[in-house]
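First comes the structure, then the notes that go with it.
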Amino acid sequence: MQTPQPGTLRILHLSDTHLTGDGALHQGTVDTTAALDALLARLDEVPGIGLVVVSGDLSEDGSPDSYTALLDRVGGWATRHGAALVAVPGNHDQRAGFRQVLANGHVLGEGGRPVMHTMEHHPPTVPVWGQSLVAGRRVVTLDTSVPGAGYGLLTDESLNRLRTALASDANAGEAGAARGTVVVLHHPPLPAPTALHEALRLQDPEDLADAIRGSDVRVVLAGHYHHPFAGSIGGVPVLVAPGVANDTDLTGPYGTETAHVGTGALVVDLAEDGTVWSTPVHVRTPADGTVAVHHDAQAVARIIQAVGPR
């Protein structure tokens with residue numbers, strides 16, 4: 001891959017690693033730790049990464065050990081490459097375990113340096129919130145997870161924090177204010193390609209659109225769909241990363257849900273003038289393309305009933 005142009009922030013966008021604390025297979029079929037290791041090894045050859053983003057569902061079981069495994073692997077990769085590391089919870093994550101290991105998700109700053117965090121305690125009912133500056137860009141993470149549910153929601157508090165951050169002139173006079181903002185969340189504010197993901201999508205996406213419309217937000221990075229996906233909201237591009245754990249099959253009947261063994265990431269370039277483009281990267285494994293999980297229409301309906309919006 002070509003080296004990014006001067007002034008460009010190159011982002012490695014990972015999502016849906018679904019790591020387990022005890023090494024158990026995801027859905028009984030995929031060794032997600034091995035998949036992540038293979039992906040990161042292949043991505044070693046990509047030059048110029050300045051920021052690594054993990055947009056949710058870092059863990060399958062919410063255990064501190066699973067987040068430590070994520071930090072060891074992705075954090076180690078980011079440190080070796082001199083990149084910042086930012087993560088946000090998804091619907092499979094547990095805020096207590098996430099915070100214990102990753103604090104507010106802004107773990108490494110520019111140059112792969114550890115970020116200092118306060119020791120304040122938040123109950124699991126409080127969404128994780130974070131903000132940092134990387135290569136002159138403000139990076140804001142929004143926790144869309146709903147404890148015990150699969151769909152996404154932005155609380156009034158989270159939206160107000162976002163509006164305040166975007167309206168802030170604290171960076172006035174720095175290059176950061178002029179270079180814009182990157183927003184990271186798990187649930188995409190876009191229509192979903194399958195019935196299951198449509199039911200478990202971000203609720204009230206127009207609230208996010210209203211908050212970022214006309215702002216300096218250059219791109220929204222999301223996960224959850226386990227497949228590269230792109231759209232826009234409020235005039236801002238939305239880029240959805242492939243799943244590290246598996247790859248959703250979009251060719252089957254809408255009411256069913258099938259995923260194949262496969263792992264990948266997005267390489268996102270954010271140019272100095274605000275132009276954005278992305279390159280999906282797929283890494284083949286020995287079991288690539290075999291069925292990882294399948295839910296028929298009845299199973300999908302049961303999942304929606306159990307963890308969908310009430």
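General remarks:
- Checking each residue in the stretch 111-130 for being open to solvent by 60 Å² or more (accessible area, probe 1.4 Å) and outside any strand (DSSP E or B) picks out Met116, His117, Thr118, Met119, Glu120, His121, His122, Pro124, Thr125.
- In the stretch 199-239, residue surrounded by the fewest Cβ atoms within 10 Å (Cβ to Cβ) [restricted to those that are assigned to a loop (DSSP other than H, G, I, E, B) and acidic (Asp, Glu)]: Asp204
- Qualifying residue in the stretch 35-44 (condition: of a type in the set (A, V, I, L, M, F, W, C) and surrounded by fewer than 18 Cβ atoms within 10 Å (Cβ to Cβ)): yes
- Filtered residue count, the stretch 75-93, keeping only those that are of a type outside the set (Gly, Ala, Ser), free of Cβ contacts under 8 Å to residues at least 40 places away in the same chain and out of contact with any Lys or Arg (no Cβ under 9 Å at 6 or more places or on another chain): 4
The values are calculated or read from the model by the stated rules, or taken from the named source; none is laboratory data. Model, not experiment: these values are computed from the prediction. Counting neighbours? That spans all protein chains shown, and the Cβs are built from the backbone with ideal geometry, glycine included. Areas reflect the complete protein model, heavy atoms only, side chains present, ligands, DNA and RNA absent. Shrake-Rupley method; radii C 1.70, N 1.55, O 1.52, S 1.80 Å.
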